1. Would you check which residues across the range 301-320 are among the aliphatic types (A, V, I, L, M) and either open to solvent by less than 10 Å² (accessible area, probe 1.4 Å) or touching a helix residue (DSSP H, G or I) at 6+ places or on another chain (Cβ under 6 Å) (or both) and list them?
2. Does GLU147 count as open to solvent by 10 Å² or more (accessible area, probe 1.4 Å), over 27 Å from ILE55 (Cβ atoms) and of a type in the set (Asp, Glu)?
3. Please determine, by comparing only the residues of the range 138-149 that are assigned to a helix (DSSP H, G or I) and modelled with pLDDT of 90 or more, which one is farthest from VAL310 (Cα to Cα).
4. Name the one entry in MET265, MET259, MET275, MET291 that is part of a loop (DSSP other than H, G, I, E, B) and either in contact with a Gly (Cβ under 8 Å, 6 or more places away or on another chain) or open to solvent by less than 10 Å² (accessible area, probe 1.4 Å) (or both).
5. Could you run through the range 48-66 and say how many residues are in a helix (DSSP H, G or I) and open to solvent by less than 10 Å² (accessible area, probe 1.4 Å)?
6. Return yes or no: is LEU341 under 20 Å from the mean Cα position of the chain (by Cα) and open to solvent by 10 Å² or more (accessible area, probe 1.4 Å)?
7. I'm checking my understanding of the structure. Among residues of the range 393-406 that are open to solvent by 60 Å² or more (accessible area, probe 1.4 Å) and part of a helix (DSSP H, G or I), which one is farthest from LEU318 (Cα to Cα)?
8. Tally up the residues in the range 348-368 that are open to solvent by 10 Å² or more (accessible area, probe 1.4 Å) and of a type in the set (Gly, Ala, Ser), please.
Amino acid sequence: MTAVDSRISPVPPDLAGRAAAVQRRTVRVLIGSQILGGVGSSTGFSLSTLLAKEITGNAGLAGLTGTFSSLGAAFATIPLSRVMAARGRRPGLVLGYGAAVAGTLVIILAARLHFYPLLLGGMALFGSASAVNLQARYAGTDLAPAERRGRALSMVIWAVTVGSILGPNLGHPAEGTARALGLPPLAGAFLWSGFALCGAGLVLGLLLRPDPLLVARELRGEDVAAPKRLTLKQSFAVIAESPRAVLAIAVVAVSHTVMVSVMSMTPVHMNADGMSVTVIGLVLSVHITGMYAFSPLVGVAVDRIGRIPVLGAGLAILTAACLVVGSAPMGSRAYMVVGLLLLGIGWSCGVVAGSTLLTESTPDRVRPSVQGASDFVMQGSSAAGAALAGLVVGTLGYSWLAGLAVALLAPVAVLVVVTAVRRPTVAPDNIPGRSVQEDAASQVP
């Protein structure tokens, strides 16, 4: 054991025989932090477009809050993944939550000053919470056996359910807190978000020990003091070596972009129909239930049925969701509930199956860097989608947004079909750090 490793997280000498116990502890800690992180990220984000519209009076500009949040998440993944590659999962995840808490303070100040550019800057920092919530799913797979990766990853995603369902419904009580402090009502959501994100960071900082990534490296016999860190360009080069990794990133990015684009403008669309903040919160809770509550079932399907079939199912469900919300009559709560539920389930299928496929399609030594590159693409594309969503809704309408989302899904669906009928090949032998188990996993449908 090196001095660096012992300083970061002491590892007992019999750890190899206790890997399963460390994995169970890791998943439990991640579940606790994800519950709080879900409350923190969803409470503020669900009302961010309404806060922007209140400040600017423009629905098109309101959509930029989602854009800046996604941009912030995208650019946060690079330094966070580098920190994790160098020092383990725990320091990177805690750092991300710290940046998000700073973002909530900036947003509260922007609401107080009624200053839109400051709001966008705060949303960029706040997006770090989304980056952490997504990166945490990979921490659940560091010590998971190949045949259970889908379930391990899905359990970490599932943990966000409680917090994310509760978060959008805290808007009303949070408004009371804001009024008591002399703040604009919608700023209360971000005040509550900040406290929840602080709690999530504390859970990880205090309890995610030993660090799962460092433990996995030690079990593989790697020098944890000299980790393999890649630049963004090098990470993309590694990804390009594996067609299945390319497919995984494409599906994850498009699934996330469609979900964020439609979901971010749904509160504005429903508010224009005269629906209250309470109703909007309930509909978003149903959507978030679809995203996270069914993820354990999705994980089981990924491990038993295969990665590629679940990817295809996710794209089909997302298409159905867009068709439902796009054809919804004015003021129809039922259409919005069904459509947003399907939107969440489709996202879950795409992200769980895609993330699992990416993990086993890339070398273990460079996995954190590759995972960071994947989330960079995922968040960056959703940022562009959210920006265009605001413009589309402001000029053409919500139904057009749903139709364009379907058009975006079509080419990726073709790529999934082509991959499904093509015989999978073992990754090249010249990729360093690839194990026999990973070669076997690459044959999973």
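The values are calculated or read from the model by the stated rules, or taken from the named source; none is laboratory data. Since we're looking at a predicted model, the values are computed, not measured. Note that we place each Cβ from the backbone using ideal geometry, even for glycine, and neighbour counts take in every protein chain shown. Surface accessibility is based on the protein's heavy atoms, side chains included, excluding ligands, DNA and RNA. Shrake-Rupley method; radii C 1.70, N 1.55, O 1.52, S 1.80 Å.
1. Result: ALA301, VAL302, ILE308, VAL310, LEU311, ALA313, LEU315, ILE317, LEU318, ALA320.
2. Taking the combined requirement at face value, the residue satisfies it.
3. ALA139
4. Answer to the check: MET275.
5. 7
6. Answer is yes for this residue.
7. THR395
8. Adding up the residues that qualify gives 0.
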